[in-house]
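J.: Provided herewith is a single structure, encoded as structure tokens, for subsequent inquiry.
Every number in this text was worked out from the coordinates using simple rules, so none of it is lab data. Note that the structure is predicted; figures quoted are calculated from it, not measured. Methodologically, a virtual Cβ is constructed for each residue, glycine included, from the backbone with ideal geometry; neighbour enumeration extends over all protein chains shown.
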Amino acid sequence: MAASPHTLSSRLLTGWVGGCVWYLEGRAMQESPREFMHLFRSVRKQWMTFQHFTFLRRMYVTQLNRSLNQQVKRKPEPTASPFLERSSLAQAKAETCAMRPLPPPHLPLSRKPNDKELLELESASVIEGSLDVGRETKDEKQWKEMKLHLDDLPGVLARLSKIKLTALVVSTTSAGFALAPGPFDLPCFLLTFVGTGLASCAANSINQFFEVPFDSNMNRTKNRPLVRGQISPLLAVSFATCCAVPGVALLTWGVNPLTGALGVFNIFLYTCCYTPLKKISIANTWVGAVVGAIPPVMGWTAATGSLDAGAFLLGGILYSWQFPHFNALSWGLREDYSRGGYCMMSVTHPALCRRVALRHCLALIGLSAAAPVLDVTTWTFPAISLPINLYISYLGFRFYVDADRKSSRKLFFCSLWHLPLFLLLMLTCKRPPGATCAGGEPRG
Amino acid sequence: MAALRPCRRALVSPLCRAFSGPGCRLAPERAGERRDTAPSRVSGFCPPRKSCHDWIGPPDKHSNLRPVHFYVPENESPLEQKLRKLRQETQEWNQQFWANQNLTFCREKEEFIRSRLKAKGLELRTGSGQKATLDAEEMADFYREFLSKNFQKHMCYNRKLCAQCGA
């Protein structure tokens, strides 16, 4: 289950990769003049021919470019990742296309080669031979044994279960639990926390298992553990099962059956409805929004044991939040979605995409006003949340009108801080026990 | 380590086979020569003789999929062989689909850019010699068109992928 399949962590990762590319290029540029001078001195000392020197220089540059190629993924076309600077990609591509290794200098057949020229030819062919072997060895070095390393397993499982996304999901569940009326029951909270976390891990792992060929083809997802072969598919599914079974059991028998049922339903919705629907229809976004809305509802039902108005309000808030968050993100991924065959509004119905994002930004204002009406918070809440709600609505409006990458990025990044702040404000304005909105009889 | 090997083999062998990939078994140690198996069809890669695991390669430059060289154990059962062959087939079929898909995408993207630039009266290369590109909003038309054109193709692929996984 997921608030959305896309998080801050993926953006940070690509930004980090882009930073690495820049660093390596800079280092290469700094090193080359020094090594070039060294080469020039050795040339003069050994009295090599100019042709041989030119050949060696080209070989050096080719090897340098090859080491750069290791960091920049070679693609058939320059498809810019949304978060890598266009200039660094173009520069790397220009270098990879520019240089080719040249054959060693040929001597005319009529003349018998003397010792000095033989030595040059030999050294040139050795270099050429070693280039070929170097290329092959490098290719072979990129093959990795699919062996389970226990040291790496925690990291691999964390990435498989999308641990940061799971953390976000669990925090929305905790917010739902905390906002529910009644005394705070710590053991029940911990069981809900762990149970929801395990269920989320399971759902995310199954999702990755289903999508390996698609994830391989998208920049954002190509470093996932199953894509890279760091874990076998069987182990991934076993891990998912080992999370789902205890997770759901904890929720059903440790908390209450309603929460357990919601957990199972959400895993099913995410893995069997949302994941296949992504390739069939744009309706997947609405299904995904429900998937994100269920965790806070689960938190509420864990605390109260019932699906009352407050649960639906929280679910509604998370549901509405998904749209500005995901639609803005998807605006920059249109090329990958198109190539991968994903049916997303940003590709097929761009105007609808922006309209829906704006609509749901405005809905958040309405939902925050409904909170005191439903006795979830005091009337302070809609007042103090108004500035951030107006701001995200403004960005939603800008996205709707401008329809460009700049406005989509601004809306996306705003959604990342808007949600935690919104939930925090809700918590601070939680209706105290025994009070009602109209100041009438206290609730029993 | 060598002394522990026989015990480890007895205990770990079935688990190892299951969890480290199909057909894995702790093979007896041999000199570190390349194995006599057929090299991977995708590249000339041959895993070392000692290895009893699958090997995964770098992403293919057309399909972006990583080829897997499957380990063939000495006493492979018919069922294990069937599974391995099925995985091999699925891999090749996936490789073909995505390589074709990506190449088609790149080719059609180039054609689209060329035709749009021509319609605007611009050259393929700008004055500074750099390749002229269209901005994201102009490309959006292409992305929408490409997705709808290939929708049926993707549906068939997804249906077959489900069938293969089920098999």
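J.: Per-residue mean of other chain beta-carbon atoms within 10 angstrom of the beta-carbon, peptide A:344-354?
T.: Working: counts 2, 0, 3, 7, 5, 1, 5, 0, 0, 0, 0.
Mean inter-chain Cβ contacts per residue within 10 Å come to 2.
J.: In whole Hz, with x marking every Gly and Pro, tabulate ³J(HN,Hα) for region A:287-302 from phi via Karplus 6.51 cos²θ - 1.76 cosθ + 1.60, θ = phi - 60°.
T.: So the J values, rounded to whole Hz, are 5, x, 5, 5, 4, x, 7, 5, x, x, 4, 4, x, 5, 5, 5.
J.: Could I ask something else about it? My understanding is that a pair violates if its Cα-Cα distance is over 25 Å; which of A:LYS141/A:LYS222; A:LYS222/B:LYS61; A:LYS138/A:LYS222; A:LYS222/B:LYS160; A:LYS144/B:LYS131; A:LYS406/A:LYS430 do that in this structure? Intermediate values should be presented prior to the final figure.
T.: Details: A:LYS141/A:LYS222 20 Å; A:LYS222/B:LYS61 13 Å; A:LYS138/A:LYS222 21 Å; A:LYS222/B:LYS160 22 Å; A:LYS144/B:LYS131 37 Å; A:LYS406/A:LYS430 36 Å.
Table pairs above 25 Å Cα-Cα are A:LYS144/B:LYS131; A:LYS406/A:LYS430.
J.: In whole Hz, what ³J(HN,Hα) sequence does region A:331-347 give by Karplus (6.51, -1.76, 1.60; θ = phi - 60°), x for Gly and Pro?
T.: 4, x, 10, 4, 5, 5, 5, 4, 5, x, x, 8, 8, 10, 3, 4, 8
J.: Would you please put B:55-62, B:84-91 in order of how densely packed they are, using the mean number of other Cβ atoms within 10 angstrom per residue and starting with the highest? It would help to have the intermediate numbers written out before the result.
T.: Values: B:55-62: 18.4, B:84-91: 15.2.
Those peptides, ordered most packed to least, come out B:55-62, B:84-91.
J.: Please work out the Cα center distance from region B:56-113 to region A:292-346, rounded to the nearest Å.
T.: Between the Cα centre of region B:56-113 and that of region A:292-346, the gap is 34 Å.
J.: Still on this structure: Rounded, prolate or oblate: which fits region A:269-345, taking a ≥ b ≥ c as square roots of the Cα gyration tensor eigenvalues, rounded meaning a/c under 1.5, else prolate when a/b beats b/c? Kindly include the intermediate steps, with their values, before the conclusion.
T.: Numbers: a/c = 3.74, a/b = 2.20, b/c = 1.70.
Cα axes put region A:269-345 in the prolate bin.
J.: What's the extension gain from A:ARG355 to A:ASP139 if we count 0.36 nm per residue and subtract their Cα-Cα distance? Numbers along the way, then the final one.
T.: On the way: separation 216, 0.36 × 216 = 77.76 nm, distance 4.84 nm.
72.9 nm is the gain from fully extending A:ARG355 to A:ASP139.
J.: Something else now. Considering the zone a paramagnetic label at A:THR380 would reach in this model (a point 7 Å from Cα along the Cα-to-Cβ line), which residues of region A:405-433 have amide N under 12 Å from it?
T.: In region A:405-433, the label zone of A:THR380 (backbone N under 12 Å from the point 7 Å along Cα→Cβ) covers A:425-432.
J.: Within a 10 angstrom radius of each residue's Cβ in B:49-61, how many Cβ atoms of other chains show up on average? Whole number is fine. Before the final figure, lay out each step's value.
T.: Values: counts 0, 0, 3, 2, 6, 6, 7, 9, 6, 9, 9, 1, 4.
That works out to 5 on average.
J.: Quick check: residue separation of B:ASN100 and B:ALA119 times 0.36 nm, minus the Cα distance between them. What number comes out in nm? Walk me through the numbers on the way to the answer.
T.: Working: separation 19, 0.36 × 19 = 6.84 nm, distance 2.82 nm.
Working it through step by step, the gained length comes to 4.0 nm.
J.: Sort A:328-340, A:256-268 for me by packing, meaning the mean count of neighbouring Cβ atoms within 10 Å per residue, highest on top. Present the calculation step by step, with values, prior to reporting the outcome.
T.: Values: A:328-340: 24.0, A:256-268: 20.5.
So the order, starting with the most tightly packed, is A:328-340, A:256-268.
J.: Please compute the modelled spin-label separation between A:VAL237 and A:LEU416, points set 7 Å along Cα→Cβ, answer in nm with one decimal.
T.: 3.5 nm
J.: If packing is taken as the average number of other Cβ atoms within 10 Å across a peptide's residues, how do A:240-248, B:115-123 rank, most packed first?
T.: Values: A:240-248: 18.7, B:115-123: 11.1.
Averaged packing, sorted descending, gives the order A:240-248, B:115-123.
J.: Convert each backbone phi in region B:50-65 into a coupling constant with the Karplus relation 6.51 cos²θ - 1.76 cosθ + 1.60 (shift: θ = phi - 60°), then list the ³J(HN,Hα) values in order as whole Hz, x for Gly and Pro.
T.: So the J values, rounded to whole Hz, are 5, 6, 10, 10, 6, 10, 10, x, x, x, 5, 6, 9, 8, 6, 8.
J.: Please compute the average number of Cβ atoms from other chains found within 10 Å of each residue's Cβ in peptide B:137-147.
T.: Numbers: counts 5, 0, 3, 8, 1, 3, 11, 7, 2, 5, 11.
The per-residue average across the peptide is 5.
J.: Would you mind checking which residues have amide H under 5 Å from A:THR377's amide H? H placed 1.01 Å from N; only 5 or more apart, or other chain.
T.: Correct list: A:ARG431.
J.: Moving on. Using the Cα atoms of region B:70-167 to build a convex hull, what is its mean projected area in square nanometres?
T.: Numbers: hull surface 37.5 nm².
Mean projected area for region B:70-167: 9.4 nm², to one decimal.
J.: Another one. Between B:SER148 and B:ARG49, what FRET efficiency comes out of the Förster formula 1/(1 + (r/R0)^6) with R0 = 41 Å and r the beta carbon distance, rounded to 0.05? Before the final figure, lay out each step's value.
T.: Values: r = 51 Å, r/R0 = 1.24.
Plugging the Cβ-Cβ distance into 1/(1 + (r/R0)^6) gives 0.20.
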